[in-house]
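Taking it in order: structure first as structure tokens, then the write-up.
The values are calculated or read from the model by the stated rules, or taken from the named source; none is laboratory data. Worth saying up front: this structure is predicted, and the values here are computed from it rather than measured. So basically every Cβ, Gly included, is an ideal-geometry build from the backbone, and we count neighbours across all protein chains shown. When the accessible area is computed, the model is the full protein with side chains, heavy atoms only, and any ligands, DNA or RNA have been set aside. Shrake-Rupley method; radii C 1.70, N 1.55, O 1.52, S 1.80 Å.
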Amino acid sequence: MAELDRVVKPKTKRAKRFLEKREPKLNENVKNAMLIKGGNANATITQVLRDVYALKKPYSVLYKKKNITRPFEDQTSLEFFSKKSDCSLFMFGCHNKKRPNNLIVGRMYDYHVLDMIELGIEKFVSLKDIKNSKCPEGTKPMLIFAGDAFDVSEDYRRLKSLLIDFFRGPTVPNIRLAGLEYVLHFTALDGKIYFRTYKLLLKKSGCRTPRIELEEMGPSLDLIMRRTYLASDDLYKLSMKLPKALKPKKKKNISHDTFGATYGRIHMQKQDLSKLQTRKMKGLKKRPAEKLTDNQENKPKKMKRRKIDSI
């Protein structure tokens, strides 16, 4: 049995709080990401990992030492680091002659690799190369995906899901306008993925809604998709399963649309529109002759009784 797999009993209150924090919960903690350098990472890969670490702070862990591992061949070291640092997302960077400037993005399920996608960096502009103001640490970004490939291809669909998981940050109940500070834009075009980061500038527009301008903030990457390691449909479905306590209880005749608006269906008895009270007007008043004919029509016809002669 591995050292991390054994049952650990806490000896102090601090250790007990630490283990309680890692226990399964109905509402899980924010997903942390670990950024790992391979054994032969060059300066480009190192800078990419630093920039992603700056965007993900404080929900990320940057490993500064090089780790000689190959995720597509052996995943035990990634699973060990995931359990040690309590991270369910990872980004691994390496460089070699066959696959230069290589970036592997993946996620874990129950401390085992669920899926990962290998991306090649063709062009890179660092965060420090663009001399503009940056966003403060811990700011939640907006994510935009452009391109039909994200909806058509299965590999691109999984990549979109993976990138949303990686960059989404904490779940918040409310959003204020001033809190929308930067946007991550992913464009899939001609077999490439263009990753751009923009800062939002709120300008005066003369009305309540401000005018928005975009200013490139960095980092900026041109990526191509290489190898993929995707989970089976059954395992992927199991990882997306919600516990029963979190599933909303169905209410009769109430439905919700994609934007969260609530619609209700009301069942009513059939109405007699002839008795509906309308606005009285002199022009619509009935004449005495019309009233008389209406009364005669509405009167029930009396049945004549036949006289039965007694025998």
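Once C-alpha pairs closer than 8 Å and six or more residues apart are averaged by separation and normalised to the residue number of the chain, the relative contact order reads 14 percent. Averaging 1/r over each pair of different alpha-carbon atoms in the range 187-287 and inverting the result gives 22.6 Å, the Kirkwood hydrodynamic radius.
Accessible surface for the range 147-296, divided over its residues, is 82 Å² per residue with a 1.4 Å probe. The trypsin sites (Lys or Arg not before Pro) found in the range 112-167 that occupy coil by DSSP, while having at most 10 further C-beta atoms within 10 Å, are LYS131. Each peptide among 272-278, 173-179, 235-241 gets the average number of other Cβ atoms lying within 10 Å of its residues, and from highest to lowest they stand as 235-241, 173-179, 272-278. P(r) tail for the range 231-270: Cα pairs beyond 12 Å make up 74% of the total. Note on ARG287 and ILE266: the model spin-label points, each 7 Å out from Cα along the C-beta direction, lie 4.1 nm apart.
Modelled spin-label separation between LEU201 and LYS123, with each label point placed 7 Å from Cα along the Cα-to-Cβ direction: 2.2 nm. In this calculation the C-beta distance from TYR63 to TYR229 is compared with R0 = 30 Å, giving a FRET efficiency of 0.90.
Here the average projected area of the convex hull drawn through the C-alpha atoms of the chain stands at 39.6 nm².
Helix 76-85 sits at what angle to the longest principal axis of the chain, using alpha carbons and giving 0 to 90 degrees rounded to 10? Once rounded, one gets 70 degrees. Per-residue accessible area (protein heavy atoms, 1.4 Å probe) orders GLU118, GLU154, GLU73 as GLU73, GLU154, GLU118, starting from the largest.
Packing, as the average of other Cβ atoms within 10 Å across residues, places the peptides 87-95, 100-108 in the order 87-95, 100-108, highest first.
Applied to the range 35-43, the Karplus parametrisation 6.51 cos²θ - 1.76 cosθ + 1.60 on θ = phi - 60° returns per-residue 3J(HN,Hα) values of 10, 10, 8, x, x, 10, 6, 9, 5 Hz, with x for Gly and Pro.
Solvent-accessible area of the chain (1.4 angstrom probe, protein heavy atoms only): carbon and sulfur portion equals 53 percent. With respect to the chain, whose longest principal axis is taken over its alpha-carbon atoms, helix 288-298 is tilted by about 80°.
What does the charge count near MET116 come to, summing +1 for each Lys or Arg and -1 for each Asp or Glu among other residues with Cβ under 9 Å from its Cβ? List each step's numbers first, then the result.
Details: positive: ARG107, ARG227; negative: ASP115, GLU118.
Net of charged neighbours comes to 0.
Rg and Dmax of the range 77-185, both derived from C-alpha coordinates alone, stand at 16.1, 48 Å.
For the pair ASN253 and THR44 in one chain, pulling the backbone fully straight at 0.36 nm per residue adds 69.6 nm over the alpha carbon distance.
Distant-in-sequence amide contacts of ASP115, defined by a placed amide H-H separation under 5 Å and a gap of 5 or more residues or a different chain, comprise ARG107. Using a cut-off of 24 Å between Cα atoms, the listed pairs LYS56/LYS123; LYS56/LYS199; LYS37/LYS57; LYS66/LYS241 include LYS66/LYS241 as exceeding that distance.
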